[in-house]
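To start, the structure itself, in structure tokens.
Read-outs: derived from the displayed coordinates by stated rules, not from any lab. The structure presented is a predicted model; accordingly, all values stated were derived computationally and were not measured. Because the Cβ atoms are built from the backbone with ideal geometry, glycine has one as well, and the counts that use them run over all protein chains shown.
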Amino acid sequence: AVVSTQSTGVTANFLRSFDEQFREYRRRFREAPMADEKAEVFYEYCDFVNERMAEDMSIQTLGINHSSCDERECVSNECPSMEAHLKEVLRLAEVNFFSLLFNNAFLPNGDAQLQKDVMFRQRLNELQVTASLDHPDIQIPARYHREAPWTPAQYHLNLLPAFKSPSGKLSCVISCVFTIFKLLFVGASGLTVLDGTTDESSVPGADDLMPVLIYIIIHCNPPNLLSTIEYINYFLPRNISGQDQYMWMQFSGAVEFIKTMLQRST
């Protein structure tokens, strides 16, 4: 689906149309003492935006390029082009929300939480010295070594600090894991591009993904990793499912495994 170029201005005007309510949600969010209470306020805000979108004619009648449907038969609420546009409006509303509340949302426990992140990152720096491809806790199969150190996947993790919204950070993680799968496929099959069909024996699975993901997280070592995971978990999109949910669970599981590696090394 392709959204028309006029959508940016329409979306900006739409978000400005409820500035007063937006300020009230921000106030409630800042004053909420617990992370789960902050999450409730945020999800209320998302519901409010969805309700306003359903009522706003500028959003509902926005010129859409109906590239994936028959415009003559299209019903706006079911149109894939319109659905993509509404998701984008909600994403921008989330970005707007957390751009003004990031410090309060990301580090609710202040210096204590930040210090925990710093200590974890220092431990990972130390672990990098011994975390080789054939480390006994990692043991990446030899057929995948050619693609090491999986720089394209590390690139996406390095982008984590650039995003303030939970969905933005989540997209970095999902892109990282998806890129690993593509590179593993290349390593297993000997292909240089990811296309066509292949037999099941060359399709990487979770057992292939996890060691590489652990290796990448250790050597990429993004800042504030523990806080990032808590942040995404608290404000995880409610409609996450399928592949995205699987990739997030794999990433979270890899970090938990790294914690056990650090415990054993003390």
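Each peptide in 11-17, 39-45 gets a packing score, the mean of other Cβ atoms within 10 Å over its residues, and the list from highest to lowest is 39-45, 11-17. Here the Karplus curve 6.51 cos²θ - 1.76 cosθ + 1.60, taken at θ = phi - 60°, turns the phi angles of segment 106-116 into couplings of 7, 10, x, 9, x, 4, 4, 5, 4, 5, 4 Hz, with x standing for Gly and Pro.
Which order do peptides 155-168, 138-151 fall in by mean Cβ count within 10 Å, highest first?
Details: 155-168: 17.9, 138-151: 16.0.
Descending packing order for the listed peptides: 155-168, 138-151.
Debye-formula intensities of segment 104-148, expressed as log10 I(q)/I(0) at q = 0.19, 0.23, 0.24 Å⁻¹, are -0.69, -0.79, -0.82 (one equal scatterer per alpha-carbon, no solvent).
Approximating the spin labels as points 7 Å out from Cα along Cα→Cβ, the residue 162-to-residue 24 distance works out to 3.7 nm. For segment 212-266, the list of trypsin sites (Lys or Arg not before Pro) that fall in a loop by DSSP and count at most 12 other C-beta atoms within 10 angstrom reads 238.
A simple packing score, the average count of other Cβ atoms within 10 Å per residue, orders the peptides 106-112, 87-93, 216-222 as 216-222, 87-93, 106-112, with the highest score first. Straight-distance candidates among the lysines for linking to residue 38, with alpha-carbon spacing under 30 Å and chain neighbours fewer than 8 residues away dropped: 87, 116, 164, 169, 259.
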